[in-house]
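The values are calculated or read from the model by the stated rules, or taken from the named source; none is laboratory data. What you see is a predicted model; the values in this text were computed from it and never measured. Note that we place each Cβ from the backbone using ideal geometry, even for glycine, and neighbour counts take in every protein chain shown. With ligands, DNA and RNA removed, areas are computed over all heavy atoms of the protein, side chains included. Shrake-Rupley method; radii C 1.70, N 1.55, O 1.52, S 1.80 Å.
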Amino acid sequence: MRRPRDFDAELQALGDRAKALKAARLSQLGELVIATGADALGTEVLTGALLVAVGNEDAARREAWRNRGAAFFQQSNRRQRIQQPATPATGSSANSQPSTAASNTGAAQPADSSQSPQ
């Protein structure tokens, strides 16, 4: 005979997993604020900037912001690869794979220096 499922235990495990994912997301957002230098802004300024970004309906502006964000992650990856010592066996950097944050941004192009900040 088949053993009955313990739905309460499964729900508890799902709840615990959701809490862990929420905590990880919150931590990553904090790391992103620090990495971009936005932690130097006042709380009110940062909140205002985020509210403007969330309320923005202009697709072209959002695309420009996405491109700048993708370029930021690509530059961060380049800096990390340069700072890592080359392995003697292959002569390449120890971490040749791009980070998941940069690879999830789609086909990003470097930011155009002639483009004004949005």
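At a glance:
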{"read-out": "Dipole magnitude of the range 1-49, debye to nearest 20 (Cβ charges: Lys/Arg +1, Asp/Glu -1, about Cα centre)", "value": "420 debye"}
{"read-out": "Residues of the range 1-68: accessible area per residue with a 1.4 Å probe, Å²", "value": "89 Å²"}
{"read-out": "Spacing of the two label points (7 Å from each Cα toward its C-beta) at LYS22 and ASP58, in nm", "value": "3.5 nm"}
{"read-out": "Largest-first ordering by accessible area, 1.4 Å probe, given options PHE73, PHE7", "value": "PHE7, PHE73"}
{"read-out": "Protein accessible area in the range 1-50, 1.4 Å probe - carbon and sulfur %", "value": "62 percent"}
{"read-out": "Calculated from backbone phi, Karplus (6.51, -1.76, 1.60) coupling profile of the range 65-78 in Hz, x at Gly/Pro", "value": "5, 4, 4, 5, x, 5, 5, 4, 5, 5, 5, 4, 5, 4"}
{"read-out": "Descending semi-axes in whole angstrom, ellipsoid equivalent of the range 9-50, from the Cα gyration tensor", "value": "31, 10, 5"}
